[in-house]
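The values are calculated or read from the model by the stated rules, or taken from the named source; none is laboratory data. Computed from a predicted structure; not experimentally measured. Glycine also receives a Cβ, built like all others from the backbone with ideal geometry; neighbour counts cover every protein chain displayed. Keep in mind that these areas ignore ligands, DNA and RNA; they rest on the heavy atoms of the full protein, side chains included. Shrake-Rupley method; radii C 1.70, N 1.55, O 1.52, S 1.80 Å.
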Amino acid sequence: MIHFPELESLGLRVAAMTERCDGDCRTAGPGSPRDACCGVLGVPPESLVCGRQVHGVTIAVAGEEARGCGAPGHETALPATDGLLTALPGLPLAVFVADCVPVFLFAPEAGAAGLVHAGRQGTRANIVGRAVRLLVERLGAAPGGVHAFIGPSAGPGRYEVSETLAADWEEAGLPCRGRLLDLWEANRRQLCAAGVPDHQIHLAGICTIEDGRFFSYRRGDQTSRNMALLMI
């Protein structure tokens, strides 16, 4: 498990992501790797808020009523949700990834934070820009007060797609080199366009396809997932 001090040093209680050695965190329940990892982080696993990720752009603002949604399993997760925001201390948010980008957001002055699942489709549709806008509109954050962390995910040297998808990506003005898409730079640009200062955007720079520490769909991990977890 790795922590992200770039955000935890600003006041987040937890900004972390599990590794392969922590086990598959997609499934829940007593004795599961997910519950064990929550225990290490001091997070009650029954309080987790999770979305039923569909590579869309729906973002939920989670309060006390959402506590535990998705904690027992996929069936109880917030429907068709790929982004989670909250201003409630002690409410843990989680997304599950295996090459897609987990983007952590934190606005210390507003006491608000968010976690976004930004794969190719979500990035194409600017889900991080939408998340920042909701932090501003619903939770009182100022764009200039938002700090972001782009977590371990498919890197620009390894994320190859079809010519058709690459052409669509390029036509949308998103960065690529041939058939290699740059999810990291795309999300960085979108965060900047939403008003997040560039010096407040941090990049893990870890490619999950190359780095064997993490589950990777492109390397054959069809169902196993890393858990990204955030809590104010």
(request) Answer yes or no as to whether Asp82 is in contact (Cβ under 8 Å) with a residue 40 or more places away in the chain, over 20 Å from Ala28 (Cβ atoms) and acidic (Asp, Glu). (result) no
(message) Here is a check on your reading of the model: is Ala94 crowded, with 19+ Cβ neighbours inside 10 Å, at pLDDT below 95 and either over 14 Å from the mean Cα position of the chain (by Cα) or not in a helix (DSSP H, G or I) (or both)?
(response) no
(message) Looking at Asp35, Asp22, can you tell me which residue is free of Cβ contacts under 8 Å to residues at least 12 places away in the same chain, surrounded by 17 or more Cβ atoms within 10 Å (Cβ to Cβ) and either under 21 Å from Leu135 (Cα atoms) or in contact with a helix residue (DSSP H, G or I) (Cβ under 7 Å, 6 or more places away or on another chain) (or both)?
(response) Asp35
(message) Here is a check on your reading of the model: is Val54 closer than 22 Å to Gly119 by Cα and surrounded by 20 or more Cβ atoms within 10 Å (Cβ to Cβ)?
(response) no
(request) Pairs only if they're at least six apart or on different chains, beta carbon under 7 angstrom, first in region 186-198 and on the phi > 0 side of the Ramachandran plot, second modelled with pLDDT of 95 or more; list them, first residue then second. (result) Gly195/Val132; Gly195/Pro143; Gly195/Gly144
(message) What's the number of the only condition in (1) surrounded by fewer than 17 Cβ atoms within 10 Å (Cβ to Cβ); (2) in contact with a Pro (Cβ under 8 Å, 6 or more places away or on another chain); (3) more than 16 Å from Ile232 (Cβ to Cβ); (4) of a type in the set (Gly, Ala, Ser) that Ala71 fails to meet?
(response) (1)
(request) Determine, yes or no, whether Ser162 is among the small types (Gly, Ala, Ser), modelled with pLDDT of 95 or more and out of contact with any strand residue (DSSP E or B) (no Cβ under 8 Å at 6 or more places or on another chain). (result) yes
(request) Under 8 Å between Cβ atoms, at least 6 apart or on separate chains: pull out the pairs that start in region 109-131 with a residue that is among the acidic types (Asp, Glu) and end on any residue that is open to solvent by less than 40 Å² (accessible area, probe 1.4 Å). (result) Glu109/Ala141; Glu109/Gly145
